[in-house]
Amino acid sequence: MVCGGTGCSGSQGEALLDNLNLELEANALENDIHVVKAGCFGLCSTGPNIKIIPGNVIYTGVKPDDAKEIVSEHIMKGRPVERLLFTDPLTKKKLTTEKELSPFRKQLRLVLRNCGVIDPGNIDDAIAHDAYAALSMALTEMKPADVIKIIKDSGLRGRGGGGFSTGLKWEIAAKNKSDEKYVVCNADEGDPGAFMDRSVLEGDPHAVLEAMAICGYAIKAAKGLIYIRAEYPLAVARLKTAIEQAREYGLLGKDIMGSGFNFDIEIRYGAGAFVCGEETALIHSMEGLRGEPTVKPPFPAESGYRNKPTNVNNVETFACISPIILKGAEWFSSIGTQKSKGTKVFALAGKINNVGLIEVPMGTTLREVVYDIGGGIRNGRKFKAAQTGGPSGGCLTEKHLDTPIDFDNLIEAGSMMGSGGLIVMDEDDCMVSVAKFFLDFTVEESCGKCAPCRIGNKRLYELLDHITKGKGTPADLDRLKNMCLVIKDTSLCGLGQSSPNPVLSTLENFKDEYDSHVTAKKCPAGHCKDLMEYFIISANCVGCTACARVCPVGAITGERKEPHVINPAICIKCGACKEKCKFDAIIIQ
Amino acid sequence: MSSIKIELRQEDVNKIKEICSSFRNDPQELINVLHKCQEHFGYLPAEIQEVISDELEVPLAKVYGVVTFYSFFTMTPKGKHPVSICMGTACYVRGAEKVMDEFKKELGLQVGQTTKDGKFSLSSLRCVGACGLAPVVMIGDKTYGRVAPDDVRNILKEYE
């Protein structure tokens, strides 16, 4: 199993795959051992990764040249290649199998059950791992109302961001009578720093197809549509293959499994617009229009695609369906917290040791995620904040480390679950700049239909920009807050209603940082260029002239072997002098 | 509209018509038609949009509205080696901004521009899903991971 996720493929995973095949052929083993390009394992920071079954031994950071040693040592002689094993970032111990690996210990892989386990290009492999068993059970043993009941009882809530009850959504769509209905899978993952849906589609496409068919059966729809970003070529290719194979096996198409139920799936392409993650905008985009949202009601369940009842769920939600049907509502609702059931997939990234895709039961604390699974902060720095929910969410701070993560707790902490990006930040990150970064995103992605979002977010961005440049006043902070509340209250869709969250949450949790930007005109994290001043400590300066020579604007003057000085009026704060100085004489104030 | 004036050859016009009819000239398929046209021509100048508008019987203003709404569609030709820098959150906190500045300096371009010789174009994109490799740069189909500002010059050398 060679990890075929984007991270691993991007670091010579393809060449590794070819070399492994060549080595096996050279040793006449190609018929006994199959090299499979699998879905993401979730250990993205150490890629390319490979896993050898039986034994589930995982090798990390494998280079194409290592193929020879792996084949000759591990496969032929049965000896693990020690140097390629995973090193625990905290204990520095070498770990061999998935069970031992620290990032996996607290995880519960339910949505990602088959990612990195099956060959996503082979339907037989998927079926051997229970794919389509739930569909067959639903079609032969259950009535549509039974399916809805079991999903409702399981307590499953939509994983796309809002957290609405999936069973309830299906029930409403089922109640609306119409000659045509649609099931839509939202695979338009636009949240910067999130790649969960993509990994599910790449690693286990049949899980989504099967669940869409089950939903079709439950709400009496014959047509499914997957709305996916055109920027995900591998996921699109895997989906296409999976759809073809499922049709061949009679698992999609007319009269599925002889039950008289018809259901087929088509792919629709997005073209890069974050707002299309909103249901009504997504539907307009599928109709060939600008992806602008409309006021709800009517909800898509009443009037959606082509004005017909439409049920929209996200990839991760669909991936939960089959296990619920097979194992029952009670099993599912036994996982998680009181109001948030099941597991949640997070794309763990940022200043953390084990970057990757993780899945944990709802209610796992942030501390467990960051330290036990994530292996702590990179370079031994201090944890400052974790950002969840992307541009719609907020920051969790040290005081939230022991809060169980679920839908309601996150909202209470001023953030939200969102789609599941979890970006960890350390003490070098300036929270005002982070808020500005998200606002920059929102300004660009606002569709422009309603004024609060179009104009308000732009004004917010300008205010933040002002503050990071040292031109802000304490009164600006009040204006900032007021404007946030107005935008939240008056915007048309979820994008505008949540876009001020990054500002509100950083304003709440890091008020002192904002204060020092507007009063002392200093950036405590040393990030905002305009608030920094480079300064030479004359006691440390030996007058080597290295800094003066590297300065692109001639801001540094001084005689040889005499302490130098920086003229702040000329300095452009590029930092070249500080990098060059061997005597730690240059500091940022 | 676009400042570049081009003249479509008859075969180009035929190609666009062929793409439109492969989608039954259905106005609801506008986005798919645009995808196919951009795949074929590399970009979507006003002249191409005019033909699509006639074929699908969608007002030109609507076609233009859709093209400019989605970031994937472009009205200026991309360079032979399109350089895209990931500006997702994970890349951002690991210094993508500085990498972007270095590319701007080395290529003498702003985001969305193409070099005069048509060799490089510069754009930013939102998360390629390779956050483990942050910051990430893509040139064509090739992914570069853990890019530091100092690496930029050497990366560009590969394409000389």
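Okay, here's what the table says:
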| item | result |
| --- | --- |
| Residues that are more than 8 Å from chain A (Cβ to nearest Cβ), crowded, with 16+ Cβ neighbours inside 10 Å, touching a Lys or Arg at 6+ places or on another chain (Cβ under 7 Å) and at pLDDT below 95, drawn from the stretch B:54-105 | B:79, B:81 |
| Among the residues listed as A:378, A:367, the single one being under 17 Å from residue A:102 (Cβ atoms), within 14 Å of chain B (Cβ to nearest Cβ) and surrounded by fewer than 24 Cβ atoms within 10 Å (Cβ to Cβ) | A:378 |
| Test for residue A:123: is it more than 25 Å from residue A:348 (Cα to Cα) and β-branched (Val, Ile, Thr) | yes |
| Residue within the stretch A:258-269 that is farther than 23 Å from residue A:110 by Cβ, assigned to a helix (DSSP H, G or I) and at pLDDT 95 or above present | no |
| Residue selected from the stretch B:134-151 under the condition of a type in the set (Gly, Ala, Ser) and in contact (Cβ under 8 Å) with a residue 40 or more places away in the chain, by the criterion nearest to residue A:354 (Cα to Cα) | B:134 |
| Residue match in the stretch A:542-557 (condition: part of a loop (DSSP other than H, G, I, E, B), in contact (Cβ under 8 Å) with a residue 40 or more places away in the chain and either acidic (Asp, Glu) or out of contact with any helix residue (DSSP H, G or I) (no Cβ under 6 Å at 6 or more places or on another chain) (or both)) | yes |
| Test: residue in the stretch A:250-265 that is buried (at least 22 other Cβ atoms within 10 Å of the Cβ), in contact with a His (Cβ under 9 Å, 6 or more places away or on another chain) and under 21 Å from residue A:134 (Cα atoms) | yes |
| Top-ranked residue in the stretch B:40-53 [being in a helix (DSSP H, G or I) and either among the basic types (Lys, Arg) or within 17 Å of the chain's Cα centre (by Cα) (or both); ranked as farthest from the other protein chains (Cβ to nearest Cβ)] | B:46 |
| Meets criteria (touching a Pro at 6+ places or on another chain (Cβ under 6 Å), within 13 Å of chain A (Cβ to nearest Cβ), under 15 Å from residue A:192 (Cβ atoms) and at pLDDT below 90) for residue B:131 | no |
| Per-region count, the stretch A:157-207, residues among the aliphatic types (A, V, I, L, M) and surrounded by fewer than 24 Cβ atoms within 10 Å (Cβ to Cβ) | 3 |
| Qualifying residue in the stretch B:19-39 (condition: among the acidic types (Asp, Glu), away from chain A (no Cβ under 13 Å) and free of Cβ contacts under 8 Å to residues at least 60 places away in the same chain) | no |
| Qualifying positions in the stretch A:279-300 - under 23 Å from residue A:171 (Cβ atoms) and within 14 Å of chain B (Cβ to nearest Cβ) | A:282, A:283 |
| Residue that is farthest from the other protein chains (Cβ to nearest Cβ), among those in the stretch A:401-432 that are part of a helix (DSSP H, G or I) and touching a helix residue (DSSP H, G or I) at 6+ places or on another chain (Cβ under 6 Å) | A:432 |
| Given (1) more than 12 Å from every other protein chain (Cβ to nearest Cβ); (2) touching a residue at least 60 places away in the same chain (Cβ under 8 Å); (3) of a type outside the set (Ser, Thr, Tyr), number of the condition residue A:393 does not satisfy | (1) |
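Yes/no per residue for (1) touching a strand residue (DSSP E or B) at 6+ places or on another chain (Cβ under 6 Å); (2) within 13 Å of chain A (Cβ to nearest Cβ):
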residue: B:114; (1), (2): yes, no
residue: B:117; (1), (2): no, no
residue: B:135; (1), (2): no, yes
residue: B:139; (1), (2): yes, yes
residue: B:144; (1), (2): yes, yes
residue: B:147; (1), (2): yes, yes
residue: B:154; (1), (2): no, no
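The values are calculated or read from the model by the stated rules, or taken from the named source; none is laboratory data. Computed from a predicted model, the values in this text were never measured in an experiment. Ideal geometry is used to build each Cβ from the backbone, glycine not excepted, and the neighbour counts take in all protein chains shown.
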